Protein chains: 2
Amino acid sequence: MSASSGLPPTLVGTGDLFQLLRDGTPRTRGELAQLSSLARSTITARVEAMLSSGLLEPVGEAASTGGRPPTRFALNRRDRVVLAIDLGASHASVAVSDLSGQVLDERTVVSDIADGPVVVLDRAAAIGVELLAGLGRLPADVAGVGIGVPGPVEHAKGRPANPPIMPGWHDFDVPEHFGRHFSGPILVDNDVNLMALGEYVTSWHSTPHLLLVKVATGIGAGIVTDGRLLRGALGSAGDLGHVQVAGAPADVVCRCGNTGCLEAVAAGPAIAAKLRAKGLDVESSQQIVDAVSAGDIAALQAVREAGRDLGSVLATCVNLLNPSVIVIGGKLSEAGEYLLAGVREVVYQRSLPLATHNLRIVGTSAGSRGAILGASAMVIDAVLAPGAVDEYVAARIA
Amino acid sequence: MSASSGLPPTLVGTGDLFQLLRDGTPRTRGELAQLSSLARSTITARVEAMLSSGLLEPVGEAASTGGRPPTRFALNRRDRVVLAIDLGASHASVAVSDLSGQVLDERTVVSDIADGPVVVLDRAAAIGVELLAGLGRLPADVAGVGIGVPGPVEHAKGRPANPPIMPGWHDFDVPEHFGRHFSGPILVDNDVNLMALGEYVTSWHSTPHLLLVKVATGIGAGIVTDGRLLRGALGSAGDLGHVQVAGAPADVVCRCGNTGCLEAVAAGPAIAAKLRAKGLDVESSQQIVDAVSAGDIAALQAVREAGRDLGSVLATCVNLLNPSVIVIGGKLSEAGEYLLAGVREVVYQRSLPLATHNLRIVGTSAGSRGAILGASAMVIDAVLAPGAVDEYVAARIA
């Protein structure tokens, strides 16, 4: 039940009714009455309020059963827009989407996360304002803002929590700062969580148990269970990079100070170091991908071996979480089937038969846009929830 | 929004209103109106319907602000009862609880799960009927039945899925069979999941991210995130027993056919085998606990070492799930601090600082009754949900 606000008693529950319309399927008042068991008079009043607020729009007439054909209504996805921001170590992507998650415009610029929160956030906000202007929209049209950052976040507060590669960001109140530029909720999460959500909403909506692993300079995972992000007590769930790999050499020291961590054996820098020891001139993840594309045997072997190490940790994840799909993303996933083959080999060997019965292990489909799409989805989930819709409608028709 | 049933339109949403009363706190009509923003006339109609159905009862008067003091209402927890059943490898426990989860009577008998589903379920049903009769209740008073079994379960269908120690149970339709004896939903889950839920509802309600590990003849876990059981795609989530332990000797073959599994190094049979190799006469988990209680040094060492192996796997779980509490249960947890100390040693060494910031690692408080309490909680969650309450009230006042 939504704790409402200024709505007249007869309109409380408008947000509940709206849930039957938020997927974009047009419906008549009669269909809404049937689906909700609400009285026709209640339906009429709530639909009227949502039309007045701009959140619903009429979308043509249904086939008539005699008499005047009934009108269909659907979510007016252009009623407001969402600002989605993906901050990486060295880039900032900003997008404007409609209320269905469709991206209307986007821009990516070089941006060093180490410039600190004020500089980086103001830079992203300025791009957002420009994009909005280009679309003929105002900052007041923004329903909410979703921001992904490359480090752990205390999601409930919107504050990064000891992020290793984000100097100056620890405990910074992102919503408070960004709220100076835009209205609506300002939600912050780890970029890998948002990649998982983005992949889920765009490609895997019918399989609500998904694990997305990002393999690049670091390794992390985002977990969707029962269609919701699993964040854990402090928002650090999915942090796979420092899990100990069974069978890893005990002398491999990780940057975290422990030995045998997954990142220390299977992330980009570890693979590059192995290849340099074999005489290749490789530094970045992109160069590893290029070497694999060029068919370099040492690179193929190293990437496949990294896949096996990743698979050894993912086998544990499979036994623990029983997902129906594992999506491998991040720069190194562009090495394609060689990484996936290594992962599959060990996951199918080390996981329980029941847990791998229907398990699929695939590459990403959203690619580098996953975090942007996830940031938009996170905001839409929040602003189209029953209570938020009640409040929005109440404010608009007041 | 609950998809209702035969209720008059004005009463749809009764189940929603009931959610404000299900915690047992008595409230007046005025308090309900304030909490729900519903009109007083709507509150009055819905409260009246719930009183007629028996689900609510008046519980004394509130302090008056002048005039006739208003009546308070609360869940009538004796309106119906719940049957909770915990089937182990060699025992069957049956309990009757009220709608608050309070156990009214219970009985445990020797029962071999290998007797097969018909014999074991009919045995449990017969005990249930006896317990009900002793309490002066009829089978028709049963709101629902929760059943825990010692193996994987496809929860949505209520069917065990290839359970290794339950011959004859694979794909058996437990709800269909048990529905011959009792009314209401018949929900089936893995016993370790129910232990996790039982521990959560009785001791950790304010910390919604909990991992319960059962250590006995086998090793398994139940996961609560955001206050809900995480079951995964096919219900096999939490299956830790066959995760590979980093650093485990490669020659330890597990009963599953893999090597280095957690069960093969840290469960009761593995510890007992180590102790027999040192000349102790130990077979069962109980005998290991007895040897620890007697202060046998070899037993202390072996249990602590098992704790370390368990800790190595749990460190991965902590990074992956970020729980706020890990509860160690099962027969071997009765070895007390020696097992816990080994677990803590490795978890705190191998987990990320953020993930262990507020982490507690404790013994079970519900003990062997966890599964019974969880089975009852699972049913109460289902039968007091908004839609179920709508249907119940509609049927009673029809």
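The values are calculated or read from the model by the stated rules, or taken from the named source; none is laboratory data. Given the structure is predicted, the values throughout are model-derived calculations rather than measurements. FYI the Cβ positions are ideal-geometry reconstructions off the backbone, even for glycines, and counts take in every protein chain you see.
What to note about this one:
- Yes/no for A:VAL252 being closer than 28 Å to B:LEU310 by Cβ and either among the β-branched types (Val, Ile, Thr) or in the same structural domain as A:ARG159 (by TED's automatic domain parsing) (or both): yes
- Out of A:ALA233, A:ALA156, A:ALA221, A:ALA237, sole residue that is at negative phi, at pLDDT 95 or above and not in a helix (DSSP H, G or I): A:ALA221
- Scanning segment B:297-316 for residues that are β-branched (Val, Ile, Thr) and within 14 Å of chain A (Cβ to nearest Cβ) yields B:VAL313, B:THR316.
- Subset of segment B:152-180 [within 15 Å of B:ALA124 (Cβ to Cβ) and surrounded by fewer than 14 Cβ atoms within 10 Å (Cβ to Cβ)]: B:ARG180
- Extreme residue, surrounded by the fewest Cβ atoms within 10 Å (Cβ to Cβ), among residues of segment A:357-380 that are within 14 Å of chain B (Cβ to nearest Cβ) and outside any loop (DSSP other than H, G, I, E, B): A:ARG360
- Scanning segment B:254-269 for residues that are more than 14 Å from chain A (Cβ to nearest Cβ) and either at positive phi or not in a helix (DSSP H, G or I) (or both) yields one hit, B:ALA267.
- Residue in segment B:92-115 that is surrounded by fewer than 20 Cβ atoms within 10 Å (Cβ to Cβ), over 20 Å from B:ILE380 (Cα atoms) and in contact with a Pro (Cβ under 7 Å, 6 or more places away or on another chain) present: yes
- Filtered by the rule that a residue be out of contact with any Pro (no Cβ under 8 Å at 6 or more places or on another chain), under 23 Å from B:ARG78 (Cβ atoms) and either among the hydroxyl-bearing types (Ser, Thr, Tyr) or part of a loop (DSSP other than H, G, I, E, B) (or both), segment B:12-56 gives B:THR14, B:LEU20, B:LEU21, B:ARG22, B:ASP23, B:GLY24, B:THR25, B:PRO26, B:SER52, B:SER53, B:GLY54, B:LEU55.
- Considering B:PRO139, B:PRO167, the condition of being under 22 Å from B:HIS91 (Cβ atoms), out of contact with any Asp or Glu (no Cβ under 6 Å at 6 or more places or on another chain) and more than 14 Å from chain A (Cβ to nearest Cβ) is satisfied by B:PRO167 alone.
- Scanning segment B:221-253 for residues being more than 10 Å from chain A (Cβ to nearest Cβ), surrounded by fewer than 24 Cβ atoms within 10 Å (Cβ to Cβ) and among the small types (Gly, Ala, Ser) gives a total of 1.
- Residue list for segment A:180-211, restricted to those being more than 23 Å from B:PRO208 (Cβ to Cβ), hydrophobic (A, V, I, L, M, F, W, C) and within 13 Å of chain B (Cβ to nearest Cβ): A:TRP204
- Test: residue in segment A:338-347 that is among the hydrophobic types (A, V, I, L, M, F, W, C), surrounded by fewer than 24 Cβ atoms within 10 Å (Cβ to Cβ) and away from every other protein chain (no Cβ under 14 Å): yes
- The listed residue being in a helix (DSSP H, G or I) and surrounded by 15 or more Cβ atoms within 10 Å (Cβ to Cβ), out of A:ARG123, A:ARG78: A:ARG123
- Listed conditions (1) more than 12 Å from chain A (Cβ to nearest Cβ); (2) without any contact (Cβ under 8 Å) to a residue 40 or more places away in the chain are all met by B:GLY329, apart from (2).
- Among the residues of segment A:270-286, those identified as surrounded by fewer than 17 Cβ atoms within 10 Å (Cβ to Cβ) and in a helix (DSSP H, G or I) are A:ALA273, A:ARG276, A:ALA277, A:GLN286.
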